[in-house]
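Worksheet for the structure shown next.
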Amino acid sequence: MKYLLDVNALVALGFFEHEFHPRVGRWVARAASKEAPEFATCAITELGFVRVLAQAPGYGITVSQARNLLLRLKQESRVNFTFLADNLDISHLPAWVKAPKQTTDGHLAALAAANGAVLATLDRKIPRAFLIPDRR
């Protein structure tokens with residue numbers, strides 16, 4: 001199975017102090033031990049990772065530090081990352097997108113589907129996305 005991690009899932013996986021790091025970390029470890037999944041990023045999720053970590057108060061991380069953190073995460077041997085090139089235009093935006101705040105989620109879901117993947121998220125409101133389980 002191939003999963004495109006949305007920005008929140010990617011930040012939670014890559015930043016140990018994130019409140020959802022344990023949840024995403026457990027899911028990745030379980031999935032890796034059972035099904036040899038591929039985890040994917042794309043330009044939107046990688047740039048979002050850097051922006052969130054460099055912009056959020058309290059993280060104290062620079063753009064350069066966030067970039068390096070993501071590069072290290074992608075090079076870890078226990079997680080198989082691929083990069084999805086994005087060539088989808090607006091005609092691929094799903095019909096369920098009705099509000100401006102849904103546009104990125106809709107685009108990421110369409111990008112995942114176009115590449116034989118599913119969008120993995122912590123957001124319950126994205127149609128047909130994989131909700132990362134909250135099992136303790």
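Taken together, the values in this text are just the output of simple stated rules run on the coordinates, not laboratory data. In this text, all values refer to a predicted model and were calculated from it rather than measured experimentally. Neighbour counts run over all protein chains shown; Cβ positions are idealised from the backbone, glycine included.
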Ratio of Rg to Rh for the range 2-131, alpha carbon only, Kirkwood? 0.95
Net charge, I126 excluded, C-beta distance under 14 Å - Lys, Arg +1, Asp, Glu -1: +2
Check F130: other-chain or 5+ apart residues with amide H under 5 Å from its amide H, H built from backbone geometry? L119, A120, T121
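Between A29 and R51, 0.36 nm times their residue separation minus their Cα-Cα distance comes to what? Numbers along the way, then the final one.
On the way: separation 22, 0.36 × 22 = 7.92 nm, distance 2.57 nm.
Extra length available between A29 and R51 comes to 5.3 nm.
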Not counting the cut sites, what is the longest span of the chain without chymotrypsin sites (Phe, Trp or Tyr not before Pro) that DSSP labels loop and that have at most 15 other Cβ atoms within 10 Å? 17-95
Using a 10 Å cut-off around each Cβ, can you sort I44, I132 from fewest to most neighbouring Cβ atoms? I44, I132
Net length gained if the chain between Q75 and L88 were fully extended (0.36 nm per residue, minus Cα distance): 2.0 nm
Choose one answer from P94, P57, P22: the residue with the largest mean-square fluctuation in a GNM of the chain with alpha-carbon springs under 10 Å. P57
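If you place +1 on the Cβ of every Lys and Arg, -1 on the Cβ of every Asp and Glu, and leave all else neutral, what size is the dipole of the chain about its Cα centre, to the nearest 20 Debye? Walk me through the numbers on the way to the answer.
On the way: 17 positive and 12 negative charges, 80 e Å.
Using Cβ point charges on Lys, Arg, Asp and Glu, the chain gives about 380 debye.
Just the number, please: percent antiparallel of the DSSP beta bridges in the chain, rounded to the nearest 5.
Working: 0 of 12 bridges.
Counting only bridges with both partners in the chain, antiparallel ones make up about 0 percent.
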